[in-house]
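Just so it is clear, none of the values below were taken in a lab; they were calculated from the coordinates. No experiment lies behind these values; they were computed from the predicted model shown. Cβ atoms come from the backbone with ideal geometry, glycine included; neighbour counts cover every protein chain shown.
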Amino acid sequence: MRLIFLGPPGAGKGTQAQRIADALNIVQLSTGEMLRTAVAEGTEVGKKAKPIMERGDLVPDDIVVGIIDERFGAPDCANGFILDGFPRNTAQAEALDKVLAARDLQLDHVVELKVDDEALVERITGRFTCENCGEGYHDKFKRPVKPGICDRCGHRKFSRRADDNEQTVRSRLEVYHRETAPLLAYYSAQSKLKSVDGMADMDDVTAQIKAILGAP
C-alpha cells in the first residue's frame, strides 16, 4: 500500500505514520532521512545534495524528487510506503505523480490529519519534557502528578523546545496553509483524499486511519 500523510506541523503525522507502517509492514519515508541516507551512501543524487546540505541551503525539488525516486527502487519499498512530509506543495505533487507513473505505481490513499489551528497552538506551546528521561508533559493536558517532579524518574528539571513558542508555531501554520493545504484539493480531485480527526486521542486517530485502509 502506498500512502501520503498530510497535516500541519504538530498534527502527529510522524507518530501515526510509524504506527501504520509497523501495522502494515511497509516503510515510513521522510525526506530528511532519505536525503541523509543518500548522502551517506554516496548515490548519484546524494552527491548532488551533499554540498547543498553542507552549506545549510534548501535542497531543490528536482534533487529531492530524484532521491525519492531512488528510494522507491529499494527492495523494502516493494510492499509499500508512507510518505511523511512530502509533497509540500502542488509542484512537488505533480513531480511525484510523474515518478510514480514512470515506475507504474500509484498512490492508494492520501490521509489528512484534520486539526484546529487554535487547539494545535495550545497543544504545541504547552509541551515540555523531563531533561533526564525525556518523558513528555503538557501544561494543560498532562502535568506531573507531583509538581516539578518527573513521574517516571523523579528528576526535577524540565525543558521546552525553543521553537515550541506561539509566534513560531503560528508562522509554521501560515506556511502550511499557504503552500501545503492546496494539496487537499489536488488529491481530492484524484479521489484519493481521506480525512481523520487529528485532535482525537492518539489511539483513536490510529483506529480511524486503519478503518480507512481496511487494516486490522
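Considering the zone a paramagnetic label at residue 133 would reach in this model (a point 7 Å from Cα along the Cα-to-Cβ line), which residues of region 3-46 have amide N under 19 Å from it? The answer is none, because no backbone nitrogen lies closer than 19 Å to the label point.
By DSSP, what percent of the beta bridges with both residues in the chain are antiparallel, rounded to the nearest 5? Display every interim value, and only then the final one.
Details: 6 of 23 bridges.
Around 25 percent antiparallel, to the nearest 5.
For the chain, set up a GNM with springs between Cα atoms under 10 Å and report which of 183, 100, 193 has the largest fluctuation. Answer for the Gaussian network model of the chain: 100. Using C-alpha pairs under 8 Å with a sequence gap of at least 6, the mean separation divided by the residue count of region 102-166 gives a relative contact order of 31 percent. Absence of a disulfide-compatible partner, taken as no other cysteine beta carbon within less than 4.7 angstrom, is noted in the chain for 77. Think of the chain as having a plus end and a minus end, set by charges on the Cβ of Lys, Arg, Asp and Glu; of 27, 153, 64, 153 sits farthest toward the positive end of this dipole.
What is the dipole size for region 114-180, taken about its Cα centre, with +1 at each Lys and Arg Cβ and -1 at each Asp and Glu Cβ, in debye to the nearest 20? All intermediate terms of the calculation are to be shown ahead of the outcome.
On the way: 15 positive and 13 negative charges, 76 e Å.
Computed about the Cα centre, the dipole is about 360 debye.
Estimated from helical segments only, the mean residue ellipticity of the chain at 222 nm is -13500 deg cm²/dmol, where each DSSP H run of four or more residues counts as -39500 (n - 2.57).
Sequence-distant contacts, meaning Cα pairs under 8 Å at least 6 residues apart, place the relative contact order of the chain at 27 percent.
Quick check: residue separation of residue 164 and residue 97 times 0.36 nm, minus the Cα distance between them. What number comes out in nm? My answer for the length gained is 20.7 nm.
Taking the Cα centre of the chain as reference, the dipole from Cβ charges on Lys and Arg (+1) and Asp and Glu (-1) amounts to some 560 debye.
Considering only 130, 206, 83, the residue lying farthest towards the positive end of the dipole of the chain is 130, judged by Cα position with unit charges set on Cβ. Among 47, 157, 114, the largest mean-square fluctuation in a Gaussian network model of the chain, built with springs joining Cα atoms closer than 10 Å, belongs to 157.
Based on the Cβ-Cβ distance from residue 33 to residue 153, what FRET efficiency comes out when R0 is 25 Å, to the nearest 0.05? Working shown, then result.
Values: r = 29 Å, r/R0 = 1.16.
Given R0 = 25 Å and the Cβ-Cβ separation, E is 0.30.
For the options 178, 143, 55, a Gaussian network treatment of the chain with springs between C-alpha atoms closer than 10 Å singles out 55 as fluctuating the most. Simple point charges give the picture: +1 on the Cβ of Lys and Arg, -1 on the Cβ of Asp and Glu, and for region 48-163 a dipole about the Cα centre of about 920 debye.
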